[in-house]
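The values are calculated or read from the model by the stated rules, or taken from the named source; none is laboratory data. Just so you know, these numbers come straight off a predicted model, no measurement behind them. Methodologically, a virtual Cβ is constructed for each residue, glycine included, from the backbone with ideal geometry; neighbour enumeration extends over all protein chains shown. All accessible areas refer to the heavy atoms of the entire protein, side chains included, with ligands and DNA or RNA removed. Shrake-Rupley method; radii C 1.70, N 1.55, O 1.52, S 1.80 Å.
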Amino acid sequence: MKKLMGLGFGLLAVAALAGCGSTAAQTSADKANKALSVTMVGNPATADPAISGDSNSSSLIAQTEEGLYTLDKNGKVIAGIAEKVVKPTKNGTVYTFKIKKTAKWANGDPVTAQDFVTSFDWQVNPKSKSQVANKLKYLKNYDAVQAGKKAPSALGAKALDKSTLQLTLSKPQPWLPDILATAAYPMKTSLFNKYGSKYGTSAEKTLSEGPYKLVGWSGAADSWSYVKNPHYWNAKNVKISKVNVQVVKDPGTSASLFKSGKVQETVLSGQYIKQNANNPEMNTTLNSSMRFLEFNDKKTVTHNTKVRQAFSYVVDRNALTKNVLQDGSAAAKSLIPSGDGNDPTTGKDFSEDVGNLLSYNPKKATELWNQAKKELGIKKANLELLTADTDEQKHVAQYLQQQAQKYLPGLSITIKSMPLAQQIAKGAAGNFDIDLDGWTTDWRDPADFLQMADGTSSVNFTKWDNAHFTNLMKQVDDTASHTTQQRWDLLKQADTYVTKQAGLVPLYQQAKAHLVSKSVGGLKYTMMSDAQYKYAYWK
């Protein structure tokens, strides 16, 4: 940095002799070459868009990849790699896209329709063990491919020619554009053929076609860069040429780095949000993320319904959000966050329509726990609570441990914190008692959260397999047989049932609070999306 500053000073001195016009041009060039420094709260697990299931990986991928659609600076779906936003044919089941001739990978190769097919086929292929396979579950033959009964090539994603992609659905999916803009990206076919399941494990084993190239990410690195992709079709409108990313798990460190000017964008949590309440550089937004507890249904104690319900009753969600988190997060009312959908007839928000299904009742918790012990024939229980090693989750886990051990006599809780990628791996393998987990949706539809407890879902880490709930979700998915209002009513039934049965125990809707330097423009946050660096600029 000192060398760059010294060089800049010398050039400015020369420019001063040449005239004011050259000075202005050089100032503009300096801005274009100045790197933006940002933080991330944890390590991404993968750069493979077909298997990414954690928020850190999704953030990395969103900055370096672009789908058929993308989001404009205000979070609205617009054309990305596709020439235009298309209307489906055949009763909403067939989408045909033309890929921009100017769409290219970072090595200059054209993006092809096959690159999307390669990605989608791998995402649904059971061998990939993708945690986000069901985002494509409305594609034709999805169930048969997932079950291994048909080859991935049977999926309803076909390259009609090099630049024409056709997606065929088994039934209408009105929210598909949201997924295509935020959660469905291509993979470089030749590179995937070379690396297979190792694709996306490092910057060298992946390739970008979005506004930035991924540089210096090793899969376990705590720092890396996004470097402007000169072959990106809209590169001329990407104003910042390099973004340096640093993993900072401690919010105090994040706040200090921002205050000292070493980073220009960072995430805040806990007391640091409260401390910056009047800071004009802070931006706080409720996001489309819900935190909840998953109880391993394959283990004797946590399989018991009363055990799960008891845990739900010991959580004072208002105290948790206001006193422990202190970051603007909102107490959960059910499994669905506020703002995740509206009644097709009345327009009422889903969360308000369902009402508050959760309450704090320590006495009820103790009663349920004692009943559960009798049913199980035990007097004591030792359970492990799995969490990521972030400041937020550690504090939440300590609160839950304190409440449970206070009101559930004979229960001992051990907290096990680890990097997010390891937590996800243990959760997916069913190697836990209780998992402090979460889900962030890419589109406004309650079904994306409800699927976390569906016995047929790949992201149901609890393995809770309730026949009534699964049947409700099957009906919700049958968009061809139900009106939008009928489907809405089924969603309400499903949310009410899973919450009362404590198939999952909702805790809080996460807020995101960012400090953004007043010298940076273009960074906007919505419920559904974080800031996109391709829209950032130096003021």
With all protein chains present and a 1.4 Å probe, the order of E384, E352, E66 from largest accessible area down is E352, E384, E66
Using the Kirkwood formula on alpha carbons, the hydrodynamic radius of the stretch 44-138 in angstrom works out to 14.7
When all protein chains stay in place, what accessible area (Å², nearest 10, 1.4 Å probe) is found for V145?
-> 0
Once both axes come from the Cα atoms, what is the angle between helix 20-33 and the longest principal axis of the chain, in degrees from 0 to 90, rounded to 10?
-> 30
Just order 476-487, 333-344 by mean Cβ neighbour count inside 10 Å, highest at the front, would you?
-> 333-344, 476-487
Angstrom value of the Kirkwood radius, inverse mean 1/r, which spans all Cα pairs in the stretch 413-539 = 17.4
Just list whichever of K322/K416; K84/K205; K348/K500; K299/K426; K249/K518; K228/K534 have alpha carbons separated by over 20 Å in the model shown.
-> K322/K416; K84/K205; K348/K500; K249/K518
extent check for the stretch 259-384: Cα max minus min per principal axis, descending, whole Å, gives 58, 46, 27
Computed about the Cα centre, the charge dipole of the stretch 112-251 from +1 Lys/Arg and -1 Asp/Glu charges at the Cβ has a magnitude in debye, to the nearest 20, of 180
Which entry is the computed Cα extents along the principal axes in Å for this structure: (i) 87, 55, 47; (ii) 118, 53, 45; (iii) 73, 62, 49?
-> (i)
Contact order relative to length for the stretch 246-349, counting C-alpha pairs under 8 Å separated by 6 or more residues, stands in percent at 25
Loop-located trypsin sites (Lys or Arg not before Pro) in the stretch 357-431 whose Cβ has at most 15 other Cβ within 10 Å (DSSP) = K379, K380
Just the accessible area for H303, please: 1.4 Å probe, Å², rounded to the nearest 10?
-> 100
How do K306, K98 stack up against each other in accessible area, from largest to smallest, with a 1.4 angstrom probe?
-> K98, K306
Relative contact order of the chain: what whole-number percent is it, with Cα pairs under 8 angstrom and at least 6 residues apart?
-> 18
Scaled radius of gyration (Cα, divided by 2.2 N^0.38 Å) that the stretch 316-379 gives = 1.56
For the chain, size of Cβ-based charge dipole, Lys and Arg +1, Asp and Glu -1, in debye = 700
So what's the back-of-envelope 222 nm ellipticity for the chain, counting only DSSP H runs of four-plus at -39500 (n - 2.57) apiece and dividing by all residues, rounded to 500?
-> -9500 deg cm²/dmol
In nm², what is the average projected area of the convex hull enclosing the Cα atoms of the stretch 180-328?
-> 13.7
Eigenvalues of the alpha-carbon gyration tensor of the stretch 480-539, times 5 and square-rooted, give semi-axes in Å, largest first, of 39, 18, 7
Check S223: other-chain or 5+ apart residues with amide H under 5 Å from its amide H, H built from backbone geometry?
-> V247
Work out the charge dipole of the chain with +1 on the Cβ of Lys and Arg and -1 on the Cβ of Asp and Glu about the Cα centre, then indicate which of G148, A103, A531 is farthest towards its positive end.
-> A103
Report relative contact order for the stretch 359-467 in percent, whole number only (criteria: Cα-Cα under 8 Å, sequence separation at least 6).
-> 25
Hey, could you pull the Cα Rg and Dmax for the stretch 265-309, both in Å?
-> 18.3, 51
Which value, in debye to the nearest 20, describes the size of the charge dipole of the stretch 419-515 about its Cα centre when Lys and Arg Cβ atoms bear +1, Asp and Glu Cβ atoms bear -1, and nothing else is charged?
-> 140
In the chain, what % of DSSP beta bridges are antiparallel (nearest 5)?
-> 75
